[in-house]
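Here the structure comes first, spelled out in structure tokens, and everything after it is commentary.
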There are 2 protein chains.
Amino acid sequence: MTTGIPESCCTLDIAGQDQARLVEMFKAIGNPHRFEVMKFLVTHPGCITGDIVALLPLAQSTVSQHLKVLRQAGWIEGEVEGPATSYCLHEENIAWFSAKVGEIF
Amino acid sequence: MTTGIPESCCTLDIAGQDQARLVEMFKAIGNPHRFEVMKFLVTHPGCITGDIVALLPLAQSTVSQHLKVLRQAGWIEGEVEGPATSYCLHEENIAWFSAKVGEIF
DNA sequence: CAATTTCATCGTATTTTTACGATAAAGGAA
DNA sequence: TTCCTTTATCGTAAAAATACGATGAAATTG
């Protein structure tokens, strides 16, 4: 017996905490500047805030804010190294994101 | 010869129009209400605006606005049917999204 | 035709996001 | 210690997103 619902291109079979976490990741990466930061980190892992400030046409404080959004959403992680902070992609969370998107889309 | 850059969990190998389009899709789906609409459409393809209004704790005009955002980002398509509008997932665009995310993450 | 249903759009208020300059904290260099 | 570098945070202004009620257009109903 079938449901009568035609097959869909995706299931979107997700809910609760997982859904909220995924939506927050979507929101964080759904900004052109922040997406650029992510791209940059692929080829410049461990770079410091100043490198990212140089990349973007934005003030240092604004970049710092964008980095905070990416960090809180789980896309990146920052490590204090002396007076600087070095950033890397958060590989574990990105893998989670990739897997979830693969499951539901 | 290698680049000296350690392997990454993703390539994010995308640019230009494709990147802009993808970021806009991320942004549109990065909202809890809009994500719920997408989930609903999986199981209720062809439903009308009023069905979605009934789903969300929002005014009709607000829901209409969210539907517009999803439509403009390419997530859904609406078809006027008499006085109503019926909505479906935009399968082609969703397939594009899924493929792109799969490529770069 | 008149009344009703459905929904997109308009005008507007509120909230959130984005952006900047200034400041302060923390570490390294002189 | 005294500077200098680096960067997060604070305060605030501007822009964008979100939300609502009211209105009007379009199609169906009576």
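Structure data summary
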{"item": "Any hit, region B:23-44, residues being crowded, with 17+ Cβ neighbours inside 10 Å, within 8 Å of DNA strand C (Cβ to nearest atom), over 12 Å from the mean Cα position of the chain (by Cα) and not acidic (Asp, Glu)", "result": "no"}
{"item": "Selection from region B:68-105 of residues that are of a type outside the set (Phe, Trp, Tyr), in contact with a helix residue (DSSP H, G or I) (Cβ under 7 Å, 6 or more places away or on another chain) and more than 9 Å from chain A (Cβ to nearest Cβ)", "result": "B:Val69, B:Leu70, B:Ala73, B:Gly74, B:Ile76, B:Glu77, B:Gly78, B:Ala84, B:Thr85, B:Cys88, B:Lys100"}
{"item": "Hits in region B:19-46 (condition: under 17 Å from A:His33 (Cα atoms), in contact with a Phe, Trp or Tyr (Cβ under 6 Å, 6 or more places away or on another chain) and facing another protein chain (nearest Cβ under 7 Å))", "result": "B:Val23, B:Phe26, B:Gly30"}
{"item": "A:Ile14 being closer than 18 Å to B:Trp75 by Cβ, aliphatic (A, V, I, L, M), crowded, with 17+ Cβ neighbours inside 10 Å and away from DNA strand C (no atom under 11 Å from the Cβ)", "result": "yes"}
{"item": "Subset of region A:64-94 that is within 14 Å of DNA strand C (Cβ to nearest atom) and among the acidic types (Asp, Glu) - its residue that is nearest to B:Gly30 (Cα to Cα)", "result": "A:Glu79"}
{"item": "Test: residue in region B:38-60 that is closer than 30 Å to A:Cys88 by Cβ and not β-branched (Val, Ile, Thr)", "result": "no"}
{"item": "Odd one out for A:Ile76 among (1) modelled with pLDDT under 95; (2) within 12 Å of DNA strand D (Cβ to nearest atom); (3) β-branched (Val, Ile, Thr)", "result": "(1)"}
{"item": "Unique match (being more than 13 Å from DNA strand D (Cβ to nearest atom) and either surrounded by fewer than 15 Cβ atoms within 10 Å (Cβ to Cβ) or hydroxyl-bearing (Ser, Thr, Tyr) (or both)) among B:Pro57, B:Pro6", "result": "B:Pro6"}
{"item": "Residue within region A:10-18 that is within 18 Å of B:Pro6 (Cβ to Cβ), touching a strand residue (DSSP E or B) at 6+ places or on another chain (Cβ under 8 Å) and facing chain B (nearest Cβ under 7 Å) present", "result": "no"}
{"item": "Flag for B:Leu12 being at pLDDT 95 or above, under 22 Å from A:Ala99 (Cβ atoms) and within 14 Å of the chain's Cα centre (by Cα)", "result": "no"}
{"item": "Members of region B:29-39 found to be farther than 15 Å from B:Leu58 by Cα and more than 8 Å from DNA strand D (Cβ to nearest atom), listed by number", "result": "B:Ile29, B:Met38, B:Lys39"}
{"item": "Pairs where the first residue, in region A:81-105, is away from DNA strand D (no atom under 16 Å from the Cβ) and the second is of a type in the set (Val, Ile, Thr), C-beta under 6 Å, 6+ apart", "result": "A:Val101/B:Val101; A:Ile104/A:Thr11; A:Ile104/A:Ile14"}
{"item": "Residue in region A:79-94 that is closer than 27 Å to B:His90 by Cα and surrounded by 13 or more Cβ atoms within 10 Å (Cβ to Cβ) present", "result": "yes"}
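The values are calculated or read from the model by the stated rules, or taken from the named source; none is laboratory data. Predicted model only: the values in this text are computed from it and were never measured. Methodologically, a virtual Cβ is constructed for each residue, glycine included, from the backbone with ideal geometry; neighbour enumeration extends over all protein chains shown.
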